[in-house]
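Worksheet: one structure, shown below.
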Ligand SMILES: Cc1ncc(COP(=O)(O)O)c(C=O)c1O
């Protein structure tokens, strides 16, 4: 046995923990909310639709969980990747007959969509490889890549084209070490919803270079009138896709932590090795709790259509209110959202006399008006702010009124 020189305490944090970071947290920590502020605090910053109480889980989903609790059959450990009944419920909900069929064996249940993303990154990427990520994009993608020492390569989204992908730029980033392309549609933070032809064009790039896709479709179906959500797997027979989703957004229960990975692979490209890898990774820590798995069939298949319709109606109302209020503020340029729960707003920095960046805009806005929204730098996209459009309409109207006064005070 090797000797040791352990004669004093010297406990260090690991290299992994040093690489672990959440860009949003680091920036939000700089935005100080004043507890003594005269004006009420309005948060337009958190992508959690439940915080204000105006977006609520459907009663039928609560009943479905309660019913499962009283069977006394869900108090033990479920299988790590989910019960066959719950996986089958997901497969029946998201499989598309003929085009993209799924069985329970193609589904892995996870701890929210974040857990699904972590497993997908882990199964496809080795340290030293690269993964193509949208810019602007959800900050977890960067965190997962950094922790794993995978290089995040950021492909441009074009605000002037409803945040469509700059396809030439995307293609130019691919090399032998590219492990996957991540596509987020509908998008956080952009609120964009891609038309079928654009998704097909992205798939053509992936097919040409034989790169698999991770499709983050957590905002599936949260699309506004005139737009349609197309699951990426419904548009290709060639490109293997790991599609991730969950209950958090469409069913308005982010705290329930139910997510999934759909293995969409018509020609067995992901073969035994990747499937086994997914299974192995999912078995390190259990997926969603057993009661919500028991209720999944009811939630996915028996939630009334009126619940989904009401959610969209409210989001559409808040979006049009937000657009008309913010586009009237000189110095701010909102990009029209087509779905999800977000609106990106460009800041004409040169119009302001004492605001030099999006972070400073957010800092001063919260300090002076007690309105908090995230600066674009949280999403690697300076000179923008992201507004979450889920607060009740009167809160939004009040927030925009204060924002207008704030901008008037700071304009040149
Ligand atoms: C684009 C995107 N993907 C994934 C997630 C994570 O979802 P979950 O809460 O189910 O982990 C979010 C949450 O905001 C998101 O915006």
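Within a 10 angstrom radius of the beta carbon, how do 71, 50 rank from fewest other beta carbons to most?
71, 50
What is the Cα centroid distance between the stretch 307-367 and the stretch 374-406, reported in whole angstrom?
5
GNM on the chain, C-alpha springs below 10 Å: top fluctuator among 362, 320, 139?
Maximum among the listed residues: 320.
Tell me, how many Å apart are the Cα centres for the stretch 255-270 and for the stretch 177-249?
What the calculation gives is 13 Å, centre to centre.
Enter the Cα centre distance for the pair the stretch 22-62 and the stretch 155-172, rounded to the nearest angstrom.
The two parts, judged by their Cα centres, are 30 Å apart.
Which FRET efficiency value, to the nearest 0.05, is calculated for residue 327 and residue 301 with the Förster distance at 41 angstrom and r the Cβ-Cβ distance?
About 0.50, to the nearest 0.05.
Express the C-alpha Rg of the stretch 26-66 as a ratio against the empirical globular expectation 2.2 N^0.38 Å, rounded to two decimals.
In units of the 2.2 N^0.38 Å rule of thumb, it is 1.75.
What FRET efficiency comes out for residue 41 versus residue 19 if R0 is 41 angstrom and r is the Cβ-Cβ distance? Round to the nearest 0.05.
0.80
Translational diffusion coefficient of the stretch 71-302 at 10 °C, 1.306 mPa s, Stokes-Einstein with Kirkwood Rh over Cα pairs, in µm²/s as a whole number.
89
So how do 247-253, 160-166, 300-306 stack up, highest first, on mean other-Cβ count within 10 Å?
The packing order, highest mean first, is 247-253, 160-166, 300-306.
Tell me the label-point distance for the pair residue 96, residue 71, using the 7 Å Cα-to-Cβ offset, in nm and rounded to one decimal.
Simple spin-label model gives 3.1 nm for this pair.
For the stretch 195-257, max minus min Cα coordinate along each principal axis, in Å, sorted largest first?
Computed over the stretch 195-257, the largest-to-smallest principal extents equal 39, 29, 14 Å.
Kirkwood hydrodynamic radius, computed over distinct alpha-carbon pairs, for the chain: how many Å, to one decimal?
Final number for the Kirkwood radius of the chain is 22.6 Å.
With the chain treated as a Gaussian network of Cα nodes joined by springs under 10 Å, which of 142, 12, 275 yields the largest mean-square fluctuation?
12
None of the figures in this text is laboratory data; all of them are computed from the coordinates on show. Not measured: the values here are computed from a predicted model. Every residue, glycine as well, gets a Cβ built from its backbone with ideal geometry; the counts of neighbours run over all protein chains shown.
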